[in-house]
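Engineer: Below is one structure. I have some questions about it.
Bear in mind that the values in this text are calculations on the coordinates, not laboratory data. Here the structure is a predicted model, which is why all the values come from computation and not from measurement. Here Cβ is always computed from backbone atoms with ideal geometry, including for glycine, and neighbour counts include all displayed protein chains.
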Amino acid sequence: MRPDDIVRLTHMRDAAASALRFIGGRKRADLDCDEMLLFALVRAVEVIGEAAAKVSVEGRTGVPDIRWAAIVGMRNRLVHAYFDVDRDILWATVTDELPHLKDRLSRTLD
């Protein structure tokens with residue numbers, strides 16, 4: 001794998017790990033009343049998507065079970081429709097998808 005792909009995958013893994021730390025001991029309802037949590041999760045998912053967009057075709061091919069287009073698409077949605085973030089989708093992404101993504105990236109990087 002190219003060195004710059006390793007850097008991007010590391011950024012993705014680290015941002016996923018941060019998001020998972022942010023939600024520790026939290027509930028979905030916390031997104032409605034904790035502006036800092038909302039901003040932190042949005043930013044973490046944006047970083048994951050931005051890094052994913054920079055992974056080469058060869059790097060993506062090396063990890064075909066990652067949903068690259070969905071990750072980049074979510075980043076684009078958060079960046080360009082920042083005024084209309086669906087908090088349920090954001091919460092589901094962080095709680096349901098990021099643990100698997102983080103684990104997959106960790107295995108790839110090891």
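Engineer: Can you pull the one-decimal nm distance between simple spin-label points at Arg28 and Asp86, each 7 Å off the Cα toward Cβ?
Structural biologist: 1.2
Engineer: Still on this model: At a threshold of 8 angstrom on Cα-Cα distance, excluding pairs fewer than six apart, so keeping six or more, what relative contact order does the range 3-109 reach in percent?
Structural biologist: About 42 percent, as a whole number.
Engineer: Radius of gyration and Dmax for the range 3-109's Cα atoms, expressed in Å?
Structural biologist: 13.4, 42
Engineer: When the dipole is taken about the Cα centre of the range 3-109, and only Lys, Arg (+1) and Asp, Glu (-1) are charged at their Cβ, what size is it in debye, to the nearest 20?
Structural biologist: Magnitude of the dipole: close to 240 debye.
Engineer: Quick one: check the C-alpha center-to-center distance for the range 50-110 versus the range 1-36, whole angstrom.
Structural biologist: 10
Engineer: Kindly rank 31-42, 9-20, 79-90 from highest to lowest mean number of other beta carbons found within 10 Å of each residue.
Structural biologist: Going by the mean number of other Cβ atoms within 10 Å, highest first, we get 9-20, 31-42, 79-90.
Engineer: 222 nm [θ] for the chain, helices only, -39500 (n - 2.57) per DSSP H run of 4+, per residue, to 500? Don't jump to the answer; show the numbers that get you there.
Structural biologist: On the way: 7 runs with 80 residues, N = 110.
Per the formula, -22500 deg cm²/dmol.
Engineer: Need one number: nm distance between label points at Leu109 and Ser56, each 7 Å from Cα along Cα→Cβ, rounded to one decimal.
Structural biologist: Those two pseudo-labels are separated by 1.9 nm.
Engineer: Now, a different point. When you count, for each residue, the other Cβ atoms within 10 Å and take the mean per peptide, how do 55-64, 69-78 rank with the highest first?
Structural biologist: On the way: 55-64: 14.0, 69-78: 17.0.
My ranking of the peptides, most packed first, is 69-78, 55-64.
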